[in-house]
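Here the structure comes first, spelled out in structure tokens, and everything after it is commentary.
The values are calculated or read from the model by the stated rules, or taken from the named source; none is laboratory data. What you are looking at is a predicted structure, and each value in this text was computed from that prediction instead of being measured. Cβ placement follows ideal geometry from the backbone for every residue including glycine, while neighbour counts extend to all protein chains displayed. In case anyone asks, the SASA skips ligands and DNA or RNA and just uses the protein heavy atoms, side chains included. Shrake-Rupley method; radii C 1.70, N 1.55, O 1.52, S 1.80 Å.
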Amino acid sequence: MMMEQISLLIQEKRIIEALDRIKPYLQHTALFWWRPLMASWDEIEPFRTLVRLFDYALMYRHSGLVARYAHRKFNTLQTLAWLCDEWLDQRRPLDVEEALTPRLTAALEGRVEEPREAIARAAFALVRALLDMQRVEEAREWMDVVARYETAPMHDKWGYFYIETGDRKNAEQAIRAGLDDSERGDMCYLLLADLYALDGRHREALAVLEEGKQRFPQVLAFYAERVRRLRDVRAYREALAAMEELDRLNPLHMHRRYFAHLRAELYYQLDEWEKLESLVKAEPQLEKTPYARALGRQGKRSVALPLVPVVQKHNYCVPASLEMMLRLLGSPRTQDEVAEHIFDVRGSKLSTTVHYLEDLGFVCRFFIGTLPRWKRLIDEGVPVLLSVDYEQSSHVQVLFGYDERLEAFYVQDPNLFDPFVVSEDELAKWYAGTHYLSIVALPGKKRRSPPSFRRRRTAISVSCTRWLKRWTRTNRRISPPLSPFCASMSTSRTHGCMS
């Protein structure tokens, strides 16, 4: 392989052409058989070239293998930084800190000589690990080290830092300043699209990706991210075509398993049952999914509210969930605006959340969720806030739909872009720990209804209020058996799962 030529192509962002140079090796050689080739390299540069190429080509399994082999062979700060990138993807920030801190300290104190680029790369990997552990001030100190040793513009790195610390305004400023940079501009476009998507601005995110793809047509990350954003704006056929395009450009990309699930979802949404059936037969991983169960159940009912996903800032699971719910209910607020009223240092209490919603003019109720109750509310156009318990924290999610063909509910976690399809037989696994604690906010009588509710306002308010009154009377009659639940149902408990 002509590694110098490949390195030049990567530098010019001609990733598809660079990938073409090694396709014969990829098509006819298993990963194991790359080792004799790597054993013949006595310098680090060929390894650096392959790691960069495989990362750009969305082939992280390959880049991980190269990084591990290079580190065993050279054991430098640069190769350790590559290895730490893989550990970060595996959510191992403590391992990253323990490995990098002594090596970086030695380099900064002059006890070991290391290239400036290696120090900057390793320091930024440590920044990512510290941010993953929410140690922001330490991460900021290490960002100063990155700035001192970095030889390339840092717009993308500062943008990433501000996104992770919840400062999305400064993130946008930093990222926009780097869009025209020939070396890191592609990363700035990708980060800007991600930033807009975090705030639920999915069409703006898609427009940024389209512009970036025109500027850097051979950077494959634009093709992968475009698939997600097309799905988010419900351009399902375009999303299917975008997957086909990426598969054609690089059949070995890392998203193949994800694409199989996404194709099933899109075929289902488009009512293309024959294609869905063929896909389920061709992909064993789909056999136990709700989409396999849906085959032959086309006549069943399905209702999904037009929820726009928003990703939470740190500990803002309740504010972000309320942002999604309030937008559906015609009273839009951002998670920052909501947090001003309900958030303290550790998180948000559900009791405070209910008081806030009532101040906005909503009628709120805590209740024990059941399939009929949740479905009734969704039928009336009302989302439901669900309480979830994890080992170390409490959390909330938004239930916004159900599907009797899938025998499942649609749930949006504020930590994620993609919604969950939670099978009815898995509800206990997720929500029994909180006794299916649910919160509903209904439009109050004195509030002006949003356009989508105006014609149905009376039906929604009256029918849901009657239903809630019946539920209250029923649960009053059975209150003794529920006393242990009521005692443990801490609505004053702080909810704030880390993002």
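3J(HN,Hα) along the range 422-439: 9, 5, 4, 7, 10, 4, 4, 4, 8, 10, 5, x, 10, 6, 6, 4, 9, 10 Hz, from the Karplus curve 6.51 cos²θ - 1.76 cosθ + 1.60 with θ = phi - 60°, whole Hz, x for Gly and Pro.
Give me the dipole magnitude in Debye, nearest 20, for the range 194-310 about the Cα centre, with unit charges on the beta carbon: positive for Lys and Arg, negative for Asp and Glu.
About 320 debye.
Protein heavy-atom surface of the range 1-125, 1.4 angstrom probe: 51% of the accessible area is carbon and sulfur, with nucleic acids and ligands not counted. Against the longest alpha carbon principal axis of the chain, how many degrees, from 0 to 90 and to the nearest 10, is the axis of helix 457-477 turned? Approximately 80 degrees, to the nearest 10. Between amide H atoms placed 1.01 Å from N, distances below 5 Å from S394 occur with G496, all of them 5 or more places distant or on a separate chain. By how many degrees, between 0 and 90 and to the nearest 10, does the Cα long axis of helix 202-215 differ from the longest principal axis of the chain? Between the helix axis and the principal axis of the chain, the angle is about 20 degrees. The 1.4 Å probe gives accessible areas that order H314, H62, H355, largest first, as H355, H314, H62.
With the contact rule set at Cα under 8 Å and sequence spacing of 6 or more, what percent relative contact order holds for the chain?
Numbers: 702 pairs, mean separation 53.6, N = 499.
Reported as a whole number, the value is 11 percent.
Less than 11 Å from a label point 7 Å out along the Cα-to-Cβ axis of E17: which backbone N atoms in the range 233-267 qualify, by residue? Under cut-off, by backbone N: nothing. For the range 322-424, carbon and sulfur atoms together expose 49% of the accessible surface, with a 1.4 angstrom probe and every protein chain in place. Remark: the range 267-343 carries 47 Å² of accessible area per residue (probe radius 1.4 Å; ligands, DNA and RNA excluded). The trypsin sites (Lys or Arg not before Pro) of the range 331-428 meeting both criteria, a DSSP state outside H, G, I, E and B (loop) and at most 16 other C-beta atoms within 10 angstrom of the site's C-beta, are R346. Phi angles across the range 235-250 convert, under the Karplus curve 6.51 cos²θ - 1.76 cosθ + 1.60 with θ = phi - 60°, into 3J(HN,Hα) values of 8, 5, 5, 5, 5, 4, 5, 5, 5, 4, 5, 5, 4, 5, 5, 8 Hz, Gly and Pro given as x. Out of L328, V112, S40, whose Cα points farthest toward the positive end of the dipole of the chain (charges: +1 Lys, Arg; -1 Asp, Glu; placed on Cβ)? So the residue furthest toward the plus end is L328. Listed values for the range 122-132 are Karplus-derived 3J(HN,Hα) couplings in whole Hz (6.51 cos²θ - 1.76 cosθ + 1.60, θ = phi - 60°), namely 5, 5, 6, 4, 5, 4, 4, 5, 5, 5, 5, and x replaces Gly and Pro.
Relative to the longest principal axis of the Cα atoms of the chain, the long axis of helix 185-198 makes an angle of roughly 10 degrees. If only the Cβ of Lys and Arg carry +1 and only the Cβ of Asp and Glu carry -1, the dipole of the chain around its Cα centre is close to 2880 debye. Rounded to the nearest 20 debye, the dipole size of the range 332-439 about its Cα centre is 280 debye, using +1 on the Cβ of Lys and Arg and -1 on the Cβ of Asp and Glu. Note on the chain: dipole from Cβ charges, positive end direction compared against Q5, V311, L386; the farthest Cα belongs to L386.
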